[in-house]
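Worksheet for the structure shown next.
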Amino acid sequence: MKRYLALAIISVALCSCAPEHSKSTGFMTYEADPGYTFVDPNAFFLKTKWTPGIAHPTIQHIVSTQDEGQWIPQSGYDWDDNKVNQPYTELASSDLKTVHWLPGEKHHDYPHISAYSKEGLWTPDAGYAFVSKEGLEVQWESGLPDPARAHYISSKIEGTWELEPGYKEEPGLFGGTYVEWVSGMSYPTDVCLISSTIEGKWIPISGHHLTQQSDGTLEIVADSSEPDWGTVAVKALFAMVSYAASEPQKDDGPLTSAGRHVAGEAGNMATESAIKDVISPNGDDQCDKHVLPANWNKFQD
């Protein structure tokens, strides 16, 4: 009888004594305090430990830190009444307060993104773009505008910027610099285009014009597709003279024979050149029939 009574007393004692940093929620059941978890939830004698990164059960948007008993706002949030806007400031469990969304605040875990004006959303830093729609990872991307400086875009080297095509930096009269549009500048990735007199617009190089094909694509073509008949006639005449000079004679010596061979080759070259001028009047013009990207929209009408 005494043995059973002793066991009953021990059971009552165990039930009434919750593990450190926990509270009883029923017969032999317990709930860890905010910031704590059970080392082994299945153990008979429960033990708690402080665990970083746990969300507070009653105060929204704060998490436990590495330091036991300390809390910080989740990424994008700041303590209410925090006049110095230092969201990383740790507060003890006894001093906790509510938080608010803080636009422009950097993310704790993901670099190069900041809190957007709308709560819960994030925006990449200048020059960066999200890798996917699902995650918060970003990467440097060339060609993105600098929000702080007009006509500057991100370059291929991370963290560096360059002027948009068509613009040039000039020294100011009273120090500093300014940026202006300059006509006649070649487009960096297309030698067939130059900046026009209208800011932001580009036109084909001299001797060429822009056409739109039936499928909507834009194409640069040479202004003239007719052969230069005067040049063709000169080359043909030169070829005839060369061929006549290449005809061997009975009294030709070794040196003369060699000269006639050279004249024949010159005639062949002149003939080939004249034929090419007729068939392909624009020759090796790399800008003739040059098709532009479908999304190109920077042309002067």
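The values are calculated or read from the model by the stated rules, or taken from the named source; none is laboratory data. Given the structure is predicted, the values throughout are model-derived calculations rather than measurements. Cβ placement follows ideal geometry from the backbone for every residue including glycine, while neighbour counts extend to all protein chains displayed.
Tabulated values for the structure
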item	result
Conditions (1) in a loop (DSSP other than H, G, I, E, B); (2) of a type outside the set (Gly, Ala, Ser); (3) more than 30 Å from residue 111 (Cα to Cα): number failed by residue 192	(1)
Matching residues in region 195-205 - criterion: being assigned to a strand (DSSP E or B) and aliphatic (A, V, I, L, M)	203
Yes/no for residue 158 being at pLDDT 95 or above, surrounded by 14 or more Cβ atoms within 10 Å (Cβ to Cβ) and acidic (Asp, Glu)	no
Residue that is under 30 Å from residue 209 (Cβ atoms), among the acidic types (Asp, Glu) and in contact with a strand residue (DSSP E or B) (Cβ under 9 Å, 6 or more places away or on another chain), where the choices are 158, 119, 164	164
Residue 157 vs. criteria touching a Gly at 6+ places or on another chain (Cβ under 6 Å) and β-branched (Val, Ile, Thr)	no
Residue match in region 149-157 (condition: in contact with a Leu (Cβ under 9 Å, 6 or more places away or on another chain), under 22 Å from residue 294 (Cα atoms) and either in a loop (DSSP other than H, G, I, E, B) or not β-branched (Val, Ile, Thr) (or both))	no
Qualifying residue in region 165-179 (condition: among the aliphatic types (A, V, I, L, M), surrounded by 10 or more Cβ atoms within 10 Å (Cβ to Cβ) and not in a strand (DSSP E or B))	no
Candidate set from region 129-148 (those that are free of Cβ contacts under 8 Å to residues at least 24 places away in the same chain, over 25 Å from residue 200 (Cβ atoms) and assigned to a loop (DSSP other than H, G, I, E, B)); member that is nearest to the chain's Cα centre (by Cα)	131
Selection within region 183-219 - among the β-branched types (Val, Ile, Thr) and either over 24 Å from residue 143 (Cα atoms) or surrounded by 12 or more Cβ atoms within 10 Å (Cβ to Cβ) (or both)	191, 194, 198, 203, 205, 211, 217
Every pair of residues 6+ apart whose Cβ atoms lie under 8 Å, when the first sits in region 64-88 and is modelled with pLDDT of 85 or more while the second is among the small types (Gly, Ala, Ser) and assigned to a loop (DSSP other than H, G, I, E, B)	64/35; 64/53; 68/35; 69/35; 71/35; 76/120
Complete set of residues in region 180-189 that are assigned to a loop (DSSP other than H, G, I, E, B) and either of a type in the set (A, V, I, L, M, F, W, C) or over 24 Å from the mean Cα position of the chain (by Cα) (or both)	182, 183, 184, 185
Selection from region 22-38 of residues that are in a loop (DSSP other than H, G, I, E, B) and at pLDDT 75 or above	33, 34, 35
Some residue of region 108-122 being modelled with pLDDT of 95 or more, under 23 Å from residue 165 (Cα atoms) and not in a strand (DSSP E or B)	no
Qualifying residue in region 126-140 (condition: loosely packed, with under 11 Cβ neighbours inside 10 Å and of a type in the set (Asp, Glu))	yes
Sole exception among (1) modelled with pLDDT of 95 or more; (2) more than 12 Å from the chain's Cα centre (by Cα); (3) closer than 27 Å to residue 100 by Cα for residue 126, by number	(2)
